[in-house]
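A quick write-up on the structure given underneath.
The values are calculated or read from the model by the stated rules, or taken from the named source; none is laboratory data. No experiment lies behind these values; they were computed from the predicted model shown. So basically every Cβ, Gly included, is an ideal-geometry build from the backbone, and we count neighbours across all protein chains shown.
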Amino acid sequence: MYVEPVNPAPRPVTVPALRTMKRRGEKIVALTAYDYSFAALADAAGVDLVLVGDSLGMVVQGHGTTLPVTMDDMVYHTACVARGLRRPLLVADLPFLADADVGTAVRNGGRLLAEGGAAMVKLEGAGIRLPVISALVAHGIPVCAHLGLTPQSVHQLGGFRKQGKTEAAAAQLQADARAVQEAGAQALVLESVPDELAAAITSALAIPVIGIGAGAGCDGQILVGYDIIGLTPGHRPSFSRDFLKGHDSLVDAVGAYVQAVRGGEFPQ
Ligand code: KIV
């Protein structure tokens, strides 16, 4: 006789499941994590997608930008996070220049999956990255693109500024979003762009769009894990929120974030 286990392992979120969630209008709740304990917390709180972001260069290592983060850093933190997860999809960033050309990107993307345990890699930009996206996907490495404010281009952008504010910049972003989907990306993170532009891109694409500082019209939301529990020292981005306020445990705080995104109360 088959006896149902008391605590069956939850069904893991897969890459194709993200698109199903978009189709069904279910909000995707994403959060960054950099270590085992925080990953386990995000899992327990019901987060769907955990990103090992190269933001770890700023919030874990204390650098002013994400540029000093290395592939070895990313593999190390991704493997730590993987050990804390059962259900969420694990996505890891390709750090600065780890995707500089097709060969380098495939080797490095492969490391994030094989050594780190990620199921998908994220990379910034379109243009010269389009063949890189296609090559990764052709090698069985799912890709999440990242457009809008792309922190690895901070010096070119002149700071961590909102993008897509002029008509020309908005049109370019829309074209880039279509191009990354066409190249094979299976999800898109859209950072710091006007709400209406993000909503227009979200409805124009078949792949899920996960916003950060991009309004409520995206298919999901992502925030930096340390920001939502008030751990990041100094300035917290205006689009983020300290969910620990009013809660007396970290799991309740992260759970409040999950509920707020699912219920459409965050962002307002
Ligand atoms: O590096 C990171 O944490 C990110 C998210 C903020 C989207 O790219």
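Working carefully through the options Ala114, Ala118, Ala135, Ala126, find the one that is over 17 Å from Val224 (Cα atoms) and either without any contact (Cβ under 8 Å) to a residue 12 or more places away in the chain or acidic (Asp, Glu) (or both).
Unique residue meeting the criteria: Ala114.
What are the residues in the stretch 162-197 that are over 17 Å from Gly217 (Cβ atoms), assigned to a loop (DSSP other than H, G, I, E, B) and either touching a strand residue (DSSP E or B) at 6+ places or on another chain (Cβ under 6 Å) or within 15 Å of the ligand (Cβ to nearest atom) (or both), if any?
Hit for the stretch 162-197 is Ala185, nothing else.
Regarding Ile133, is this residue away from the ligand (no atom under 15 Å from the Cβ) and crowded, with 24+ Cβ neighbours inside 10 Å?
The answer is yes for Ile133.
Please verify whether the stretch 146-155 includes one or more residues that are more than 16 Å from the ligand (Cβ to nearest atom) and modelled with pLDDT of 95 or more.
Yes: the stretch 146-155 contains one or more residues that are more than 16 Å from the ligand (Cβ to nearest atom) and modelled with pLDDT of 95 or more.
Quick check on the stretch 232-247: of everything there that is farther than 17 Å from Val261 by Cα and in contact (Cβ under 8 Å) with a residue 12 or more places away in the chain, which residue is surrounded by the most Cβ atoms within 10 Å (Cβ to Cβ)?
In this case the residue turns out to be Thr232.
Out of the stretch 39-59, which residues are away from the ligand (no atom under 16 Å from the Cβ) and in contact with an Asp or Glu (Cβ under 9 Å, 6 or more places away or on another chain)? Give the steps one after another, and end with the answer.
Taking the stretch 39-59 as the starting set, the residues that turn out to be away from the ligand (no atom under 16 Å from the Cβ) are 40-41, 43-46.
The answer is Ala45, and nothing else.
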